[in-house]
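Let me begin by presenting the structure, written as structure tokens, before commenting on it.
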Amino acid sequence: MELSKEFEQKFRSAKSVCVLTGAGVSAESGVPTFRGGGDTTAVWKGMPFDQISSARMVSENLAEVWEWFDYRRGVLSKCTPNPAHETLAKWEQDFSEFTLVTQNVDGLHARAGSKNVIEVHGNINRSRCLGCGVRFDMDVGSVPHTPVKCNECSGNLRPDVVLFGEMLPAGVFEEAVEKAAVCELFFVIGTSALVYPAASLPEIAKRNGAYVVEVNPEKTPLSELCDESFRGRAGEILQEITRVF
Ligand code: BV8
Ligand code: ZN
């Protein structure tokens, strides 16, 4: 894979780096993506992804939502971080300012050793009480999910994940915007760039003068905006790039 002189120079001299990842960064760990190729989990019992993973379903059929999430937690319990996650955990140490924002709820960045991960869509291994808002961590792979009821108020629990039609956790997205707006180098890795507001982060970085680099086997609506696009799998490409250090 050919790296341009311009990219090598930018990469070597970068002080502040921001990365946005999507499901594609976990594809090589065996985690199905939502929309792109391979084994996707785009449909659950005939319901499209943005119907089963929606605020409406939580109020209409919480048991179904848990069945869907327990199924995915079961799949995830067999998955481990791949070289893409591991390389990003290393970059966190290598750059003086490094921000990792993920749309993924799989927790694999943290399992690969990334310390500060901004999870804009929450985490599949955490539940939240609909009554009092208390959060409970669940062991990876504890399926079905436990506890089922809130220990504090015996209210119903739901996955602590941002569903379609729901606001992102207060302050989390704002922090991601701040970092995107000041970074020199912005990587957008493994996302179809269809889901907002997360997909607006590379646009914000570009508007503020960052050099934007896409890593994805396919073109996306962001590709035009990028200064550089590496067409391929994140695991291989990130290892190639990191040799430039
Ligand atoms: C909100 C958690 C305010 C749930 C997720 C019309 C226009 C614009 C916006 C909207 C609209 N209608 C509705 C909206 C808003 C909506 C939205 O953006 N919809 C889109 C789909 C049109 N957004 C929301 O609802 C957000 N909230 O706007 O709040 C508000 C509040 C109230 C009322 C109104 C508005 C909340 C969005 C969060 C939804 N939750 N996940 C769960 O997981 O069950 S989103 C879901 O999609 C995942 O989190 C995922 O991360 C995200 C994005 O998907 P990707 O990560 O990109 O994955 P995908 O499969 O799509 O692509 C994989 C990519 O990887 C591909 O490009 C592929 O080529 C590449 N790839 C494959 N293999 C590899 C690879 N790349 C590298 N290496 C490989 N090996
Ligand atoms: Zn409670």
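Inside the range 225-245, can you point out the residues that are aromatic (Phe, Trp, Tyr) and surrounded by 16 or more Cβ atoms within 10 Å (Cβ to Cβ)?
Initial filter on the range 225-245 (aromatic (Phe, Trp, Tyr)): 230, 245.
Result: Phe230, single match.
So Ala205 ticks every box in (1) more than 18 Å from the chain's Cα centre (by Cα); (2) assigned to a helix (DSSP H, G or I) but one. Which box is left unticked?
Condition not satisfied by Ala205: (1).
When residues of the range 221-230 are filtered for being more than 15 Å from Leu185 (Cβ to Cβ) and either within 16 Å of ligand 2 (Cβ to nearest atom) or in contact with a helix residue (DSSP H, G or I) (Cβ under 9 Å, 6 or more places away or on another chain) (or both), how many remain?
Total satisfying the criteria: 2.
Name the single residue that is nearest to ligand 2 (Cβ to nearest atom) among those in the range 92-107 being out of contact with any Leu (no Cβ under 8 Å at 6 or more places or on another chain) and assigned to a helix (DSSP H, G or I).
Result: Gln93.
In the list Ser54, Ser26, Ser16, which residue meets the criterion of being touching a residue at least 12 places away in the same chain (Cβ under 8 Å), touching a helix residue (DSSP H, G or I) at 6+ places or on another chain (Cβ under 7 Å), within 11 Å of ligand 1 (Cβ to nearest atom) and open to solvent by less than 50 Å² (accessible area, probe 1.4 Å)?
On the way: Ser54 fails: touching a helix residue (DSSP H, G or I) at 6+ places or on another chain (Cβ under 7 Å); Ser16 fails: within 11 Å of ligand 1 (Cβ to nearest atom).
One residue alone meets the criteria, Ser26.
Return a yes/no flag: does the range 187-209 have any residue that is open to solvent by 80 Å² or more (accessible area, probe 1.4 Å), more than 16 Å from ligand 1 (Cβ to nearest atom), under 18 Å from Glu97 (Cβ atoms) and without any contact (Cβ under 8 Å) to a residue 60 or more places away in the chain. Don't jump to the end; show me each part of the working.
Initial filter on the range 187-209 (open to solvent by 80 Å² or more (accessible area, probe 1.4 Å)): 194, 196, 207-208.
With the extra rule that they be more than 16 Å from ligand 1 (Cβ to nearest atom), the set shrinks to 207-208.
Of the ones still in play, those that are also under 18 Å from Glu97 (Cβ atoms) are 208.
If we keep only those that are without any contact (Cβ under 8 Å) to a residue 60 or more places away in the chain as well, we get 208.
Yes, because at least one residue in the range 187-209 is open to solvent by 80 Å² or more (accessible area, probe 1.4 Å), more than 16 Å from ligand 1 (Cβ to nearest atom), under 18 Å from Glu97 (Cβ atoms) and without any contact (Cβ under 8 Å) to a residue 60 or more places away in the chain.
Tally up the residues in the range 126-142 that are surrounded by 17 or more Cβ atoms within 10 Å (Cβ to Cβ) and away from ligand 1 (no atom under 16 Å from the Cβ), please.
Qualifying residue count, the range 126-142: 2.
The values are calculated or read from the model by the stated rules, or taken from the named source; none is laboratory data. Here the structure is a predicted model, which is why all the values come from computation and not from measurement. Neighbour counts are summed over all protein chains in view; Cβ atoms, including those assigned to glycine, are modelled from backbone coordinates with ideal geometry. Please note that ligands, DNA and RNA were not included when accessible areas were found on the heavy atoms of the full protein model with its side chains. Shrake-Rupley method; radii C 1.70, N 1.55, O 1.52, S 1.80 Å.
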